[in-house]
Each structure stands twice: as C-alpha cells, then as structure tokens.
1. I'm trying to understand the selection: among the residues of the range 52-77, which are over 24 Å from the mean Cα position of the chain (by Cα) and either of a type in the set (A, V, I, L, M, F, W, C) or surrounded by 14 or more Cβ atoms within 10 Å (Cβ to Cβ) (or both)?
2. Name the single residue that is nearest to LYS90 (Cα to Cα) among those in the range 133-160 being assigned to a loop (DSSP other than H, G, I, E, B) and polar (S, T, N, Q).
3. What residue, of VAL69, VAL25, is within 30 Å of VAL252 (Cα to Cα), part of a helix (DSSP H, G or I) and out of contact with any Gly (no Cβ under 7 Å at 6 or more places or on another chain)?
4. Within the range 185-193, is even one residue surrounded by fewer than 16 Cβ atoms within 10 Å (Cβ to Cβ), over 24 Å from LYS22 (Cβ atoms), modelled with pLDDT under 95 and among the charged types (D, E, K, R)?
5. Can we say ILE24 is in contact (Cβ under 8 Å) with a residue 60 or more places away in the chain and among the aliphatic types (A, V, I, L, M)?
6. What pairs come up if the first residue lies in the range 118-136 and is within 16 Å of SER96 (Cα to Cα), the second is assigned to a strand (DSSP E or B) and among the acidic types (Asp, Glu), and their beta carbons are under 8 Å apart, counting only those six or more places apart or on different chains?
7. Please determine, by comparing only the residues of the range 34-51 that are in contact (Cβ under 8 Å) with a residue 40 or more places away in the chain and surrounded by fewer than 17 Cβ atoms within 10 Å (Cβ to Cβ), which one is nearest to LYS10 (Cα to Cα).
8. Restrict the check to the range 210-217 and report whether at least one residue is touching a Ser or Thr at 6+ places or on another chain (Cβ under 9 Å), of a type in the set (Asp, Glu) and within 25 Å of ARG5 (Cβ to Cβ).
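The values are calculated or read from the model by the stated rules, or taken from the named source; none is laboratory data. Here the structure is a predicted model, which means the values were calculated and not measured. Positions of Cβ are backbone-derived with ideal geometry, glycine not excepted, and every protein chain shown enters the neighbour counts.
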Amino acid sequence: MYTLRFIGIKLPIIEKPVNLSKIIVDEASRQGIEIEDNDIIVVTSKILLKSLGLFIDVDSIKPSFRAKVISKLTGKDPIETEIVLQHSRKVLFIVSTGFLKSIITKISENVKNGLEALDKVRAVMFVVTNNGFIASDAGLDYSNIPPGYAIVNDYDFDELASRLRRDIKELTGKNVAVVVADTEFSISNGKFGSLDLAVGSAGIDPIAREFGEKDLYGRPKFGGLDIVVDEICAGAALLMGQVRESVPVVIVKGLRYRYSDKGVKDVLVTKYREKARRIVLVSFFKNIVLKIFKVI
C-alpha cells in the first residue's frame, strides 16, 4: 500500500537569530524521528525568517505621501500601507474588509475577537511583491512575532530553502527536500478562506510535469500540472495550525517526487507576465477579426 506520513515537529520559541537546521535535527531526534533520504522538510516562512532575524522595526517606518493617501481612502493603517508599498512592485487592487462583519458569526467562533481583528485591518492590499509573488499585504504579519516588529515575505525563499537543505545534509548526511510554506487567502470553487502555499523550495520539482500524459482510456489529458509543493504545504498545515504556532516544521515521509534544482520562483506566472499579456492581446484581436469576417 502506498502511504504518506506527515510528522509535526515542535520547536522552542524563536525570537532571535539561531541555527534553524541544527534545531530541527536535534528536536526531531529528541522526539524520536529519524531524518532519512528523500524526506521532505516543510518549514513555515515565519519560523525561517525569525531564525534569521529578518524582522521589520515598525517604529522605524515613516509613511510616504502615497501611503497616507491610500490610508485616507481605505482606512488602512498608514504604517502598514507603507510597509506593503516598500515590498511591492505593483498594487493590483485593494479590498475593504468591512463585508466580513455581515458574516462574522460564520467565520469566527469568538465574535468579539473577530470584530476586533477587523477593526485593526480595515483593508487588504493585493500586490505583486518584489520577489514576484501575488500576495495579500506582501505577506505582512505580526502574529507570533515580538511586539513592535513584523515580517514580510519579500525574500528569495528558494535560496533560503536551498541553504537549509544543504545545512541539514551536513548535519545528517541525508538528501532531503525543503519546502517553505506560507498562509494566503484563497477563493477556490466559491469557498473563501486560507490555504498554506509554497513560497520556496529546494530539491523537489514544484510541479508535476504530466501535461498531455494519457489517461486510463489512452486519451492525452489537458492537465496534470499539479502544484506538488502547494499540496505538500496544505497537508502539513493540518499539523501546523494557524494561531498558536508550536508546530512550525513538518517532516513528510513516503512521497515519490522528482528531484529538481529549480524552485518556486521558476514557475511563478508573474515571471512570464509580459509574454502572457502578448498572447492574450493577440487572441483578443484575432477574435475581433474573426467576428468581423463572420458579420461580413
């Protein structure tokens, strides 16, 4: 039988730069888990950034004129707005969170706390970050972070994953893959909520390259491009949780995957946005011409 194992690894609270690879290896051993070849180590982006001391001192941020204007129009905190702008190459759209008040009893078991959270975040900016991700508020996060500090996901997580993978091999002698997970809003088939998605990876092909492979009836399939690293993160998130983060590392055993020296940034759609824009425009004008000829 083909089975997978997802094993959560608890870590001590990290609030300053530490050797994360050594902590992961030591804690796995202490908890009776052996790291083996072909294991996948899933780590949250937050614990990775915390271990590197990559915090933003909120008090050092001075809102720009643009941030103040956006804040005035949307009700979003001007300092938060400035942080998002500094770590984004483009603002796609801004959504007010006010509509969530009408469904607060459906999304929050503690309505009082839910309303308090909405009062603090009046709007969410969806942006293309400097590192090419489409993200809400550039990954800005305060939760489980020392007071007065924040983090954003504007880093080369493929490089950070590669470094962690290399360090774990030096400590254990084992070849593992590393996937960096982050939580993001999702609207999937009409369902609104959040999912854990991959922002970085090393040693594993981010996608299943099976487009056109034949199905059970011998027909080439229009599909087969599963985002493997996202599926791994979604499974790991069931152990990690979202509130009181105490399981920021999950070891996945038994998954058959393809090795790759490429990472998540190599499959980002924003990397090909100019080419995609040209294809869309060509298709658009081609359809117009065809319709004109049909009328004639």
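1. If the condition is that a residue be over 24 Å from the mean Cα position of the chain (by Cα) and either of a type in the set (A, V, I, L, M, F, W, C) or surrounded by 14 or more Cβ atoms within 10 Å (Cβ to Cβ) (or both), then ILE61, PRO63, SER64, PHE65, ALA67, VAL69, ILE70, SER71, LEU73, THR74, GLY75 are the ones that fit.
2. ASN153
3. VAL25
4. yes
5. Values: in contact (Cβ under 8 Å) with a residue 60 or more places away in the chain: yes; among the aliphatic types (A, V, I, L, M): yes.
The answer is yes for ILE24.
6. From residues that are within 16 Å of SER96 (Cα to Cα), the pairs are ALA135/GLU184; SER136/GLU184.
7. Looking at residues that are in contact (Cβ under 8 Å) with a residue 40 or more places away in the chain and surrounded by fewer than 17 Cβ atoms within 10 Å (Cβ to Cβ), I get GLU36.
8. Within the range 210-217 (the criterion being touching a Ser or Thr at 6+ places or on another chain (Cβ under 9 Å), of a type in the set (Asp, Glu) and within 25 Å of ARG5 (Cβ to Cβ)), the answer is no, since none of the residues qualifies.
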